[in-house]
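The values are calculated or read from the model by the stated rules, or taken from the named source; none is laboratory data. These figures come from a predicted structure and were not determined experimentally. Neighbour counts are summed over all protein chains in view; Cβ atoms, including those assigned to glycine, are modelled from backbone coordinates with ideal geometry. Please note that ligands, DNA and RNA were not included when accessible areas were found on the heavy atoms of the full protein model with its side chains. Shrake-Rupley method; radii C 1.70, N 1.55, O 1.52, S 1.80 Å.
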Amino acid sequence: MAKEIVDVLIIGSGHSGGMAAKILTEKGISCLMLNAGPVADVHKDTEPKPAYALPFRGFKQPGILPHVFQANEFNANTWVDEKEVPYTYDSQHPYNWVRVRLFGGRSLFWSRQSFRLSDYEFKGKSHDGYGDDWPISLADMAPYYSRVEGIFRVQGQADGLPQYPDGNFVPDTSPWSTSMQRFVTAGKQRGIPVCKARSSLGVDGLASSVNLLLPDAFATGKLRAIPNVVVRELSVDKKTGLINEAHFVDRISRREMSVKARVVVLAAGTLESTRLLLNSKLANSSGVMGHYLIDQVYGPGIVCSVPEARDGKATSELIGGNALVPRFRNIDTKEKNFIRGYALNIHSSMGPMDPRNFAAYGEDLQKKLESYNGSGFHTSLMAEVLARYENHVSIDKEVVDAWDIPALRIQTKYTDNEVNMARDAVDTSIALAEAAGFEVLSKNYDPNPPGYSIHELGTCRMGDNPKTSVLNKWCQSHDLKNLFVVDGASFVSSGWQNPTMTIVALAMRSSEYLADQMRQGNV
C-alpha cells in the first residue's frame, strides 16, 4: 500500500472510529480503517460449554489478566493479553487498563448507560474555580447529542435537571416497583433526586459500532477496513510538516507495511492513541500530552435487603428495576470535604444474594441465603476524578510489546477528594436505604483501582490555547492540522457520566468539521 494515498486513515473501529467512518463516508470521502484485532463472528468463533468442562470451572485462571476484574474463563480470550501487550506502573499505585482488540473494540461490551455532560462539567472551572473549562459548552454539543441519541435509541425520561440534561429519548413509561418508589420518596424528603436511568436500546440488544455505525459506512462503498494490524508509528512529510504516512505490522504474519494518507483520525482509545503519538514524537509542542489522565471512581456502594420480599414473598411489583441519583452535591451549595460530585446507580433484583453479604457459615448461611433470596437492593458509585497534571502516562523505554513497540507507563492515583466523595456517597446511600425501610447488609467505602471504570480520558485534552492543550475544540491537533483525535483523549474533565455519548457526539462534530475543511481545501 506504500504507493496509495487514502483520503482519511481511521485508526480504531470502536464507537468513535465507527462514527467518524459513518460521517466521512456519507459525505463522499474515502476512508481506510485499521484495527488491531480480528473480526469476531459470534456464531463461528464461540461455543457453549458448561463450567464443569473447563479446567478452572469458569473462574479466571490464576496469573491471567490480573487487572481485568471482568474476565473469567468463559470470556478470557476476549481481552488483550497483558503479556503480549504489557504496560507498567508503580507497584504502590496499580492501574487497571482493560482493553479489547476486536473489530468494534470495546463498543461490543458497552454497558449502554447514555448520559449528556452538563455545563457543570463543560464549565467546571467557572462553577467552582478548579482546573480548566472545556472550549465548548452544552449548547455547542446539544444538536450532536440529539442525533446520536436517535441513532442509539436512548430510552429515558425528561427530568428537567440542569445537572442531568434531558435528551432525544425513547420515552420510558415503565412504573417504579414498590421498593424503588420507597427509595424515590426517601430521596425527595432529603432533596436528593432519584430519576429513571437512561440507556441505549440499540438494536437486538447491541449498541456497538459494528451494528449501528459501520454498516452505514460500508454501504456507501467508501470504506475499506483491514483487521489484525497494529500501528507502530506515524510519520511526517518533511516538506509540508504534516502527517503523511502510518507504519503498521500484521499482527499474525509480522509483515511490516505502510500507507500514506491526506488526513489521520485517531480513534484507538484514549491511551492507545496517546501511546501512538508519544512513540511517534508528534503533536506535543505544549508538553501536556499524556498528562491529566482521568477516569471515574467505581467500587463503593451498599447491598440491602427489602424485608417484605424475604422468604419467597418477592414479586415483580415489589422488587425490580433501576434508577439513577444524578449529581446533587456542589450544585447550589458547597461541600466542605470535596469539590465536584458523583452519581449513584440503583438496582433492585429478585436474584440470589451473594454469600459474602452475611457473617454466617454452614447451615446458618444456607438458611440466610434461602430467606433473603429475591430481596436485593443495591447502590453503586460513579464519581468524578479531578484532572491533575501529575496523573500521566509516558513511554517505558525498557518494555516493548510482542511487535517491539514501546509500552506505556501509567502513573496515577486517587486523592482525598475522590476518597471523601466515596465516603459521602456510601453514607448517603445508607441514609436513603434505611429511610426507605431496607436492611443494609454490607457497605464498601474503598474505591477500586484507577482504570477499573474502563473510562480512561483526558491525555490529549482540548483547549483554545496551544500552549496548554493538545487539540482545539474540533479535536484537531494544534500542531498538525491533518491530525484529529476523536476518542476520549480530548476530555478536559470526566464528570460522573459514562462518557460514551459524549465521545460519539464529539466524533460526529469533529468529522463534520473535517469534511467541511477538506471540501474547502484547508486540510
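Structure data summary
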| quantity | calculated |
| --- | --- |
| Breaking point among (1) more than 30 Å from ASN35 (Cβ to Cβ); (2) open to solvent by less than 10 Å² (accessible area, probe 1.4 Å), for GLY321 | (2) |
| Residues located in segment 164-195, provided they are touching a strand residue (DSSP E or B) at 6+ places or on another chain (Cβ under 9 Å) and within 15 Å of LEU117 (Cα to Cα) | TYR164, ASP166, GLY167, ASN168 |
| SER316 over 20 Å from SER199 (Cα atoms), buried (at least 22 other Cβ atoms within 10 Å of the Cβ) and modelled with pLDDT of 95 or more | no |
| The one condition in (1) more than 30 Å from TYR414 (Cα to Cα); (2) out of contact with any helix residue (DSSP H, G or I) (no Cβ under 9 Å at 6 or more places or on another chain); (3) surrounded by fewer than 19 Cβ atoms within 10 Å (Cβ to Cβ) that PHE248 fails to fulfil | (3) |
| Selected residue [among the small types (Gly, Ala, Ser) and assigned to a loop (DSSP other than H, G, I, E, B)] from GLY187, GLY131 | GLY131 |
| Pick from segment 94-114, criterion part of a loop (DSSP other than H, G, I, E, B) and either in contact with a Lys or Arg (Cβ under 6 Å, 6 or more places away or on another chain) or hydroxyl-bearing (Ser, Thr, Tyr) (or both), ranking: most open to solvent (accessible area, probe 1.4 Å) | SER111 |
| Matching residues in segment 335-369 - criterion: being open to solvent by 70 Å² or more (accessible area, probe 1.4 Å) and either of a type in the set (Asp, Glu) or closer than 30 Å to GLN163 by Cβ (or both) | LYS336, ASN337, HIS347, GLU363, ASP364 |
| Selected residue [touching a residue at least 12 places away in the same chain (Cβ under 8 Å), open to solvent by 10 Å² or more (accessible area, probe 1.4 Å), within 24 Å of SER349 (Cα to Cα) and out of contact with any Asp or Glu (no Cβ under 7 Å at 6 or more places or on another chain)] from TYR372, TYR414 | TYR372 |
| ALA489 being within 28 Å of TYR89 (Cβ to Cβ) and part of a helix (DSSP H, G or I) | yes |
| Residue tally, condition open to solvent by less than 30 Å² (accessible area, probe 1.4 Å) and over 24 Å from the mean Cα position of the chain (by Cα), over segment 430-476 | 5 |
| Hey, SER137 closer than 22 Å to TRP474 by Cα and open to solvent by 70 Å² or more (accessible area, probe 1.4 Å) or not | no |
| Those residues of segment 19-42 which are closer than 17 Å to LEU212 by Cβ and either aromatic (Phe, Trp, Tyr) or at pLDDT below 95 (or both), in sequence order | VAL39, ALA40, VAL42 |
| Tally, over segment 147-205, of residues that are small (Gly, Ala, Ser), loosely packed, with under 15 Cβ neighbours inside 10 Å and either closer than 27 Å to ALA436 by Cα or in contact with a Gly (Cβ under 7 Å, 6 or more places away or on another chain) (or both) | 4 |
| Strands (runs of 3 or more DSSP E) wholly inside segment 1-93 that include at least 2 residues being in contact with a Cys (Cβ under 9 Å, 6 or more places away or on another chain) and surrounded by 12 or more Cβ atoms within 10 Å (Cβ to Cβ) | 5-11 |
| Subset of segment 479-505 [more than 24 Å from SER286 (Cα to Cα), open to solvent by less than 10 Å² (accessible area, probe 1.4 Å) and among the polar types (S, T, N, Q)] | GLN497, ASN498, THR502 |
| Residue match in segment 153-169 (condition: touching a Pro at 6+ places or on another chain (Cβ under 8 Å), aliphatic (A, V, I, L, M) and within 26 Å of VAL492 (Cα to Cα)) | yes |
| Criterion: surrounded by 15 or more Cβ atoms within 10 Å (Cβ to Cβ) and in contact (Cβ under 8 Å) with a residue 60 or more places away in the chain - qualifying residue of ALA422, ALA402 | ALA422 |
| Any hit, segment 152-166, residues being part of a helix (DSSP H, G or I) and closer than 30 Å to ASN35 by Cβ | yes |
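Residues are listed down the side, and each one gets a yes or a no for (1) in contact with a Leu (Cβ under 8 Å, 6 or more places away or on another chain); (2) at positive phi:
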{"residue": "PHE358", "(1), (2)": "yes, no"}
{"residue": "GLY362", "(1), (2)": "no, yes"}
{"residue": "LEU369", "(1), (2)": "no, no"}
{"residue": "ALA383", "(1), (2)": "no, no"}
{"residue": "HIS392", "(1), (2)": "yes, no"}
